[in-house]
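Student: Take a look at this one; I'll ask things after.
The values are calculated or read from the model by the stated rules, or taken from the named source; none is laboratory data. The shown structure was predicted, so the numbers you read here are calculated from the model rather than taken from an experiment. Methodologically, a virtual Cβ is constructed for each residue, glycine included, from the backbone with ideal geometry; neighbour enumeration extends over all protein chains shown.
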Amino acid sequence: MKRATPHSTGSISPPPIKRKIDSTTTSKAVATFFKPASQRPPENLIWRIVENSLVVGRYNPNEKTQDEPKLPVKVAAFDLDDTIIVANTGSKWARSPTSWKWWDQSIPGRLKQLHEEGYAIVFLSNQGNVSLKDNPKSLQKDTPSLVNLKNQITSIFRQLDIPLSFYGATAQDRFRKPRTGMWDEMLDDLGLQAEDAVDVDGSFYVGDAAGRAKTDQRNKDHAPSDRHLAANIGIRFQTPEEFFLGAAPEPYDHGFDPLRHLERAEISQTSSEVPKDSSTAMTFTKNDPQELVIFCGSPGAGKSTFFWDVLEPLGYERVNQDILKTVRTLSMSLFTTVPAQSLIERLTPISCC
Ligand SMILES: [Mg+2]
């Protein structure tokens, strides 16, 4: 005879729940655990990515004992490549913990001295060769180029072993030098957003992209972006030769310096002959009967207003891409507005805005 099983009509308890226990151990932590101590990243180094664009690394060897900074803070800011380090391999882009050397042997001592003098030390570097796109096929989230950059910066931090911050702009956006986004982010990170929190006169930026011409000893600088960054922030600029080697400052002309135009505008605004609220306060003179005036400026900057207020009364004709839609029609219009024959007869000035 078959015995009836207990609770044959069904269990009074719900079936046991298969619990999924989330592990708090990451693959990175496991990998770090098995690494020799000498190869482990310092735990007091924190990396983060801002707006999927800016790479930020902050290193503080004495985080727990760090005092609040004394305000105002002096900031010693540096470019990285060809200023703090140079590649010791064929390519500066082949980044690794051993692919670099100091730009000059005095640099570690000089940076440690700046730290002892109370400077906040930051590196602001354009890193257009670094990709931040995630690779869904890989467990490792960082791209190879980002891993290489982090490894190189980590090795620099470890050698200096003082509080340091690294900012690397990887895209053509507000962070890229000479724009000031990296500086602004640094102010947020260090709690220096308040007015007067930074000693502007005591702060400086050092970089090799200084817009210098070619000499017998040196190639032409690839860009003036480091010099322009300092100008945009409003702090002193020096080249690596001037700062680390004590070289004499080289004269430099920005060519186009908006400050000069603003100063002219202020003088015009205070002139009794010109209405203070007039957009025509800046005098514009026609120096040649045949002139092309090109307007550059963000939407709403006043390009069209300036044309109608100042240039149209002087007889300029207007060529505008907003109306003509394409660059091709714009350029065709530009060259047909004043036919070659009538250039001599009419000598009509043209403006593009
Ligand atoms: Mg550089």
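Student: What about Asp142, is it in the same structural domain as Lys74 (by the TED database), without any contact (Cβ under 8 Å) to a residue 12 or more places away in the chain, more than 16 Å from the ligand (Cβ to nearest atom) and surrounded by 14 or more Cβ atoms within 10 Å (Cβ to Cβ)?
Tutor: Yes; evaluated as a whole, the condition is true for this residue.
Student: Here is a follow-up. Output the number of residues of the range 190-206 satisfying the condition of being within 13 Å of the ligand (Cβ to nearest atom) and either not aliphatic (A, V, I, L, M) or not assigned by the TED database to the domain that holds Ala77 (or both).
Tutor: Within the range 190-206, residues that are within 13 Å of the ligand (Cβ to nearest atom) and either not aliphatic (A, V, I, L, M) or not assigned by the TED database to the domain that holds Ala77 (or both) number 1.
Student: Turning to a different aspect of this structure: Would you tally the residues in the range 228-246 being in contact with a strand residue (DSSP E or B) (Cβ under 9 Å, 6 or more places away or on another chain) and either outside the structural domain of Leu80 (by the TED database) or more than 24 Å from Phe175 (Cα to Cα) (or both)?
Tutor: 3
Student: Here is a further query. For a quick check of your reading: which strands (runs of 3 or more DSSP E) sit entirely within the range 254-353 and have at least 1 residues that are of a type outside the set (Ser, Thr, Tyr), out of contact with any Cys (no Cβ under 8 Å at 6 or more places or on another chain) and modelled with pLDDT of 70 or more?
Tutor: Result: 317-319.
Student: Spot the failing condition for Asn232; the list is (1) more than 16 Å from the ligand (Cβ to nearest atom); (2) buried (at least 20 other Cβ atoms within 10 Å of the Cβ), and only one is missed.
Tutor: The failed condition is (2).
Student: So how many residues does the range 207-219 have that are out of contact with any helix residue (DSSP H, G or I) (no Cβ under 6 Å at 6 or more places or on another chain) and within 14 Å of the ligand (Cβ to nearest atom)?
Tutor: Number of matching residues: 3.
Student: If I go through the range 200-210 residue by residue, how many of them are out of contact with any strand residue (DSSP E or B) (no Cβ under 6 Å at 6 or more places or on another chain) and buried (at least 18 other Cβ atoms within 10 Å of the Cβ)?
Tutor: Result for the range 200-210: 4.
Student: Quick check on the range 114-131. Is at least one of its residues in the same structural domain as Ile49 (by the TED database), touching an Asp or Glu at 6+ places or on another chain (Cβ under 8 Å) and modelled with pLDDT under 90?
Tutor: Here is the first cut: in the range 114-131, the ones in the same structural domain as Ile49 (by the TED database) are 114-131.
Next, only the ones that are touching an Asp or Glu at 6+ places or on another chain (Cβ under 8 Å) stay: 123-125.
Cutting the leftovers down to modelled with pLDDT under 90 gives us none.
Taking every residue of the range 114-131 in turn, none turns out to be in the same structural domain as Ile49 (by the TED database), touching an Asp or Glu at 6+ places or on another chain (Cβ under 8 Å) and modelled with pLDDT under 90.
For every residue, the table says whether it meets (1) at pLDDT 95 or above; (2) closer than 17 Å to Asp82 by Cα; (3) assigned to a loop (DSSP other than H, G, I, E, B); (4) not assigned by the TED database to the domain that holds Gln127.
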{"residue": "Asp208", "(1), (2), (3), (4)": "yes, yes, yes, no"}
{"residue": "Arg212", "(1), (2), (3), (4)": "no, yes, yes, no"}
{"residue": "Asp216", "(1), (2), (3), (4)": "no, no, yes, no"}
{"residue": "Ala223", "(1), (2), (3), (4)": "no, yes, yes, no"}
{"residue": "Asp226", "(1), (2), (3), (4)": "yes, yes, no, no"}
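Student: Sticking with this one: Return the residues of the range 169-189 that are β-branched (Val, Ile, Thr) and within 16 Å of the ligand (Cβ to nearest atom); say none if nothing qualifies.
Tutor: Keep residues of the range 169-189 that are β-branched (Val, Ile, Thr), which gives 170, 180.
Within the range 169-189, Thr170 is the sole residue that qualifies.
Student: Residue check: is Ser203 among the polar types (S, T, N, Q) and within 12 Å of Ala77 (Cβ to Cβ)?
Tutor: Criteria met by Ser203.
Student: Across the range 75-94, what is the total count of residues that are more than 14 Å from the ligand (Cβ to nearest atom), farther than 16 Å from Pro108 by Cβ and over 20 Å from the mean Cα position of the chain (by Cα)?
Tutor: Going through the range 75-94, the residues more than 14 Å from the ligand (Cβ to nearest atom) turn out to be 75-76, 88-91, 94.
Narrowing further to those that are farther than 16 Å from Pro108 by Cβ: 75, 89-91, 94.
Subsequent filtering for residues that are over 20 Å from the mean Cα position of the chain (by Cα) retains 89-91, 94.
The total comes to 4.
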